[in-house]
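Each remark here refers to the structure printed beneath this line.
Laboratory data are not the source of any read-out in this text; all were calculated from the coordinates shown. Please read all numbers here as calculations on a predicted model, not as lab measurements.
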Amino acid sequence: MPTVKKVLTNDTFKQFWVSSGSLPSIISAAILDGNDNIVSSGTGVSSGNGHFYRTTSVNSPGWYVSEWKATISGSPYRRRFRFKANLNEVD
């Protein structure tokens, strides 16, 4: 079973996108809640060599989706993963 990514509520964390060799012409990142409503969104920041990031946080505990959308050579791409935000607790 895959490991569940976890963050603490109100803690700052980075979303990452890596596409070495092919740079996107458009790239954005969002955090979605369990109903696919956008909690936060913004453009990706290039850190060089096809690596992008976006700094964000979530304020409420629960399940969320980190989603990246990019256009590379005219084609749309999307990457998503689920993560859980906990109330300042340690597992």
Debye sum, Cα scatterers, the chain, no solvent: what log₁₀ I/I(0) at q = 0.23 1/Å?
-1.14
Treating segment 30-73 as a set of equal point scatterers at the Cα positions, no solvent, please give the Debye-formula log₁₀ I(q)/I(0) at q = 0.13, 0.14, 0.16, 0.27 Å⁻¹.
-0.34, -0.39, -0.49, -1.02
